[in-house]
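Bear in mind these aren't lab numbers, they're just calculated from the coordinates by the rules spelled out. None of the values given here were measured: they were computed from a predicted structure. Reconstructed Cβ throughout: ideal geometry from the backbone, glycine too, with neighbour counts over all protein chains shown.
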Amino acid sequence: MTLVAGFSIAPTWMRGQAWRREDSRAEELLSGGPIIDAVVRAERAGFDLAFRPDALTLPLGTIGSDPAHLGLDPIVQAAQLAGATRRIGLVVTVSATFSEPYPVARQLVSLEHLAPGHIGWNVVTSRSGDEQFSVERLPDSAARWRRAEELIDVVESLRAGFPAAAMRVDRDSGVLVDVERVRPTNHAGENFRVAGPLPLPVPTPQPLPLMVAGGGESTIALAGRRADAMFASAIEIESGSSQRAAVRAAAKDAGRPDRPLLLPGLSLVLAGTRGEAAAIERATYPPSGQRRGAGPHWSVVGTPEDAVASIVARAEARAIDGFIAFPVGSWRSVELLCDEVMPRLRVLGLVGEGTPLFHA
Ligand SMILES: Cc1cc2nc3c(=O)[nH]c(=O)nc-3n(C[C@H](O)[C@H](O)[C@H](O)COP(=O)(O)O)c2cc1C
């Protein structure tokens with residue numbers, strides 16, 4: 001079994017109180033520098049994808065002492081990362097609740113030109129953020145996921161409408177674009193009316209690798225029908241096993257074998273000894289403070305060997321198809337994850353075969 005190894009670029013290693021460490025590079029957070037360094041390192045270590053969750057709220061109560069919600073726009077950040085990486089997949093989060101499909105498609109296709117075959121998207125439906133979008137009240141989860149599915153349909157229809165083959169650039173005949181090959185979308189649905197075409201051709205004919213993030217019935221149903229992977233919260237092994245069984249059952253009903261892959265978040269506080277890791281965890285999230293780092297996820301506080309053992313146990317229990325690793329506590333967690341955990345997983349044959357998610 002080969003696992004899909006995802007690396008979170010949230011960047012969780014600065015969160016909580018970790019930004020206060022001398023070596024945190026917190027001043028450079030918005031230059032993108034530390035994140036580029038992390039993703040380049042993750043690419044070298046054999047990670048399949050770099051993943052960026054995203055929320056559109058900035059709680060002032062948190063921001064005074066924790067950079068959890070600060071960061072560049074994910075599309076702009078992915079453009080920067082596309083220039084710095086060669087192989088790793090770049091998965092950007094799109095809130096279907098607060099987005100229109102036309103600009104989303106245009107942004108994603110633009111990214112595809114910068115990193116052909118390496119772009120994926122993670123569709124979320126957001127439990128908050130409505131204050132920013134003239135929305136009276138958030139619709140319930142089922143309605144938000146219906147809108148998400150319609151948005152996915154329209155984005156893929158727009159992508160299919162302007163294939164790269166239509167771009168002729170024939171100087172002799174004067175044909176720049178073969179208009180016959182452009183098929184404008186003509187969508188009118190519950191949430192969107194979109195005509196198209198996009199103002200640029202699409203480099204890859206396949207649909208974009210699609211992740212969805214959630215865990216309720218509507219997420220699972222949509223993931224089964226459409227997604228390549230589901231980003232999930234699975235604190236215990238059993239939660240991973242049952243979510244994996246549920247999405248696979250939904251996919252079977254939709255006639256899709258081997259999809260979607262269940263990728264739970266995995267928070268890792270790593271150090272040379274368990275005692276040291278526990279001390280870093282306490283310093284990052286003092287008992288009095290609320291834990292807001294990598295959220296409610298499967299968590300290992302310990303050595304690289306402990307992380308490997310935990311991943312192996314979940315793989316053997318068929319509770320995961322991969323993981324999204326959140327290195328927490330300090331930059332040392334990034335280093336140990338890339339330089340100690342990944343090589344051990346590779347020796348065990350658990351990572352490194354190349355992800356089935358991306359087309360390049
Ligand atoms: C593991 C996980 C990660 C999520 N990540 C995001 C995110 O990055 N941004 C966001 O706006 N919503 C995020 N969500 C919210 C979901 O997209 C969704 O709105 C919510 O889970 C409700 O759907 P559900 O009842 O089917 O789980 C996440 C949810 C889960 C469970």
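List of remarks:
- Region 90-189 - share of DSSP beta bridges that are antiparallel (%, nearest 5): 25 percent
- Distance from the alpha carbon centroid of region 249-280 to that of region 25-57 works out to 18 angstrom.
- Sites matching trypsin sites (Lys or Arg not before Pro) across region 113-192 that sit in DSSP coil, with at most 11 neighbouring C-beta atoms within 10 Å: Arg137, Arg171
- Relative to the longest principal axis of the Cα atoms of the chain, helix 217-226 runs at roughly 60 degrees.
- Tensor-based shape of region 1-138 (alpha-carbon gyration tensor, a/c under 1.5 rounded, otherwise prolate or oblate): oblate
- Segment Asp178..Ala26, full-extension length gain: 49.8 nm, with 0.36 nm per residue of separation and the alpha-carbon distance subtracted.
- Helix axis angle, 101-114 relative to the chain longest principal axis, alpha carbon, degrees: 70 degrees
- Length gained on full extension, Asp258 to Ala160: 32.8 nm, using 0.36 nm per residue less the C-alpha separation.
- Inter-probe distance in nm under a simple model that places probes 7 Å from Cα toward Cβ, at Glu190 and Leu114: 3.4 nm
- Other-chain or far-sequence residues with amide H under 5 Å of Ala232's (modelled H): Leu263, Gly265
- Centroid-to-centroid separation of region 144-164 and region 297-332 [C-alpha atoms, Å]: 34 Å
- Degrees between helix 74-84 axis and first principal axis of the chain (Cα, 0 to 90, nearest 10): 80 degrees
- About the Cα centre, charge dipole magnitude for the chain (Lys/Arg +1, Asp/Glu -1 at Cβ), debye: 260 debye
- Using only the C-alpha atoms, the convex hull of the chain corresponds to 147 Å³ per residue.
- The trypsin sites (Lys or Arg not before Pro) found in region 7-95 that occupy coil by DSSP, while having at most 16 further C-beta atoms within 10 Å, are Arg86, Arg87.
- With at most 11 neighbouring Cβ atoms within 10 Å, loop GluC sites (Glu not before Pro) (DSSP) excluded, longest segment of the chain: 237-360
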